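A.B. asks: Before I ask anything, let me first share the structure, which is written out below as structure tokens.
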Amino acid sequence: MESGGATLREIHSQPEVWGRCLNTLDKLDLEPLVGDKDPRTHEWLFVGCGTSYYLAQAAAATFTVLAAVPVRAVPASEILLFPGLVFPNEEAAIFPVLISRSGHTSEVLQVAEFLRQRGVEFLAVTCDGNELTHLSTRTLKLPVTEESTVMTSSFTSMLMALQYIAARLAGQDEFVDALHALPAALARLLPIYGPRIEKFAQRSFDDAAFLGQGALYPIASETALKVMESSSSYAQFFHTLEFRHGPMSIVSEKVLVGALLSETGYTEESAVLLEMKGLGGCTLAIANQLSPEVLRSADLAIELALPVPELARLVVYVVWSQLLGSRLGLRKGLDPDSPRHLSRVVTLVH
């Protein structure tokens, strides 16, 4: 197989993968998974590592908005090293959600044992299954198979699944319908923007910064990670308006500034991107609808044009970074299927 073949194939297969997952979710009985752990009576705590941590943050944002309840996300390591910060009140009713593509991630398994020893029930969300599925009677295993090292369809599918559950629990049937519209929408967008990203990736950057606000901040974080993992490039992530408070000092013609623009904050967020272009930066703009000014100025503009709620678009925003990271890696002579220093599963050695 050619370099990056597995990763690129899995990125482009996401419309079909999402369709399979939605079929599974439509048949899902939430009672065994959630039972008496209603988010209005229990604080849901999303837990993951790396990509799964950014997934946890995006899921927490979705639950907070759709269910109108406070929800948190933490890295698994934070529970292991600083449990007092995560659980300051041992009497509080908390329902952790442990996320791991492989079900074999060391820190996540250690958190599972930590919770079991304290009699705390939790929901496990996974694709491969493995040990994690044996540690909880509440397990959601999605029909997603990935050969590649970096998470692509597993990230989007597990996030979509958690958004689906949030909408079901909140009685938001229209949001569920919106998720069902995404496979066809992505299938329409990939042939348009895939070739543009491939061409754009022929440029050389010394640094990259990806910006997002609200629920798009964890997506910007995952965007930066995908570029780092797949192309061994240095990338950072910031809240969009925070970029003005110091980080903009890095901007030059050799720096890529990518903005994931929301509808809610579009005026303020797009002004930041336009300012960075004015300072000489190379800019990437992703939004549901782009203003003429941003369309004219951006070096690469991706317009989603999805007639669905803003929160329901999160998984579509991240696909373009998956492609960009892979294409940048290939331009540098790397193999995105086998990123440097990385393995498919992180296992701690004691």
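The values are calculated or read from the model by the stated rules, or taken from the named source; none is laboratory data. Not measured: the values here are computed from a predicted model. With ideal geometry, Cβ positions are generated from the backbone for all residues, glycine too; neighbour counts draw on all protein chains shown.
A.B. asks: Of the conditions (1) of a type in the set (S, T, N, Q); (2) assigned to a loop (DSSP other than H, G, I, E, B); (3) modelled with pLDDT of 95 or more, residue 52 satisfies every one except a single condition; which number is it?
C.D. replies: It fails just one condition, (2).
A.B. asks: Taking the range 84-112 on its own, how many of its residues are of a type outside the set (S, T, N, Q) and not in a loop (DSSP other than H, G, I, E, B)? Don't jump to the end; show me each part of the working.
C.D. replies: So the first thing to find is which residues in the range 84-112 are of a type outside the set (S, T, N, Q), and the list is 84-88, 90-99, 101, 103-104, 107-109, 111-112.
Of the ones still in play, those that are also not in a loop (DSSP other than H, G, I, E, B) are 84-86, 94-99, 107-109, 111-112.
Going through the range 84-112 one residue at a time, the tally reaches 14.
A.B. asks: Mind listing just one residue for me: the one in the range 30-49 that is of a type in the set (Asp, Glu) and not in a loop (DSSP other than H, G, I, E, B) and, of those, surrounded by the most Cβ atoms within 10 Å (Cβ to Cβ)? Write out each step before concluding.
C.D. replies: So in the range 30-49, the residues of a type in the set (Asp, Glu) come out as 31, 36, 38, 43.
Okay, now just the ones that are also not in a loop (DSSP other than H, G, I, E, B), so 31, 43.
On the way: 31: 8, 43: 16.
The selected residue is 43.
A.B. asks: Read through the list (1) within 24 Å of residue 194 (Cβ to Cβ); (2) over 20 Å from the mean Cα position of the chain (by Cα); (3) of a type in the set (Val, Ile, Thr), then give the number of the only condition that residue 267 fails.
C.D. replies: (1)
A.B. asks: Search the range 116-129 for residues that are in the same structural domain as residue 46 (by TED's automatic domain parsing) and at positive phi and pair each with any residue that is in a loop (DSSP other than H, G, I, E, B) and modelled with pLDDT under 95 when their beta-carbon atoms are under 7 Å apart and the residues are at least 6 apart or on different chains.
C.D. replies: 129/103
A.B. asks: Checking the conditions here, which among 274, 295 is in contact (Cβ under 8 Å) with a residue 12 or more places away in the chain and not in a strand (DSSP E or B)? Please lay out each step first, then the result.
C.D. replies: On the way: 295 fails: in contact (Cβ under 8 Å) with a residue 12 or more places away in the chain.
Of 274, 295, the one residue that is in contact (Cβ under 8 Å) with a residue 12 or more places away in the chain and not in a strand (DSSP E or B) is 274.
A.B. asks: Let me ask something additional. Checking residue 338 against (1) within 23 Å of residue 300 (Cβ to Cβ); (2) modelled with pLDDT under 90; (3) small (Gly, Ala, Ser), which test does it fail?
C.D. replies: Single failed check for residue 338: (1).
A.B. asks: Could you grab me the full set of residues in the range 117-127 that are assigned to a helix (DSSP H, G or I) and either in contact with a His (Cβ under 8 Å, 6 or more places away or on another chain) or at pLDDT 95 or above (or both)? Reasoning before the result, please.
C.D. replies: Initial filter on the range 117-127 (assigned to a helix (DSSP H, G or I)): 117.
Hits for the range 117-127: nothing passes.
A.B. asks: Residue 192 passes all but one of (1) among the aliphatic types (A, V, I, L, M); (2) surrounded by 14 or more Cβ atoms within 10 Å (Cβ to Cβ); (3) in the same structural domain as residue 312 (by TED's automatic domain parsing); which number fails?
C.D. replies: (2)
A.B. asks: Scanning the range 17-29 for residues that are of a type outside the set (Lys, Arg) and surrounded by 13 or more Cβ atoms within 10 Å (Cβ to Cβ), which turns out nearest to residue 146 (Cα to Cα)?
C.D. replies: Here is the first cut: in the range 17-29, the residues of a type outside the set (Lys, Arg) are 17-19, 21-26, 28-29.
Of the ones still in play, those that are also surrounded by 13 or more Cβ atoms within 10 Å (Cβ to Cβ) are 17-19, 21-22, 24-25, 28.
Details: 17: 11, 18: 13, 19: 16, 21: 14, 22: 18, 24: 18, 25: 19, 28: 22 Å.
Filtering first and then ranking leaves 17.
A.B. asks: Looking at 166, 181 in this structure, which one is in contact with a helix residue (DSSP H, G or I) (Cβ under 7 Å, 6 or more places away or on another chain) and either surrounded by 18 or more Cβ atoms within 10 Å (Cβ to Cβ) or among the aliphatic types (A, V, I, L, M) (or both)?
C.D. replies: From the options 166, 181, the qualifying one is 166.
A.B. asks: A follow-up question, please. Provide a single number: the residues in the range 277-292 that are surrounded by fewer than 17 Cβ atoms within 10 Å (Cβ to Cβ) and part of a loop (DSSP other than H, G, I, E, B).
C.D. replies: Of the residues in the range 277-292, the ones surrounded by fewer than 17 Cβ atoms within 10 Å (Cβ to Cβ) are 278-280, 289, 291-292.
Still in the list and also part of a loop (DSSP other than H, G, I, E, B): 279-280, 289, 291.
Counting residues in the range 277-292 that are surrounded by fewer than 17 Cβ atoms within 10 Å (Cβ to Cβ) and part of a loop (DSSP other than H, G, I, E, B) gives 4.
A.B. asks: If residue 328 meets every condition in (1) surrounded by fewer than 22 Cβ atoms within 10 Å (Cβ to Cβ); (2) in contact (Cβ under 8 Å) with a residue 60 or more places away in the chain apart from one, which number is that one?
C.D. replies: (1)
A.B. asks: Filter the range 287-301 down to the residues that are over 24 Å from residue 57 (Cα atoms) and not hydroxyl-bearing (Ser, Thr, Tyr) and list them by number.
C.D. replies: So in the range 287-301, the residues over 24 Å from residue 57 (Cα atoms) come out as 289-301.
Matches in the range 287-301: 289, 290, 292, 293, 294, 295, 296, 298, 299, 300, 301.
A.B. asks: Go through the residues of the range 304-312 one by one and say whether even a single one is over 21 Å from residue 214 (Cβ atoms) and surrounded by 20 or more Cβ atoms within 10 Å (Cβ to Cβ).
C.D. replies: Residues of the range 304-312 over 21 Å from residue 214 (Cβ atoms): none.
There is no residue in the range 304-312 that is over 21 Å from residue 214 (Cβ atoms) and surrounded by 20 or more Cβ atoms within 10 Å (Cβ to Cβ).
A.B. asks: Please go through the range 240-264 and pick out each residue that is outside any helix (DSSP H, G or I) and crowded, with 17+ Cβ neighbours inside 10 Å. Write out each step before concluding.
C.D. replies: From the range 240-264, those outside any helix (DSSP H, G or I) are 245-246, 251-264; that's our starting set.
Within the range 240-264, 251, 255, 256, 257, 258, 259, 260, 261, 262 meet the criteria.
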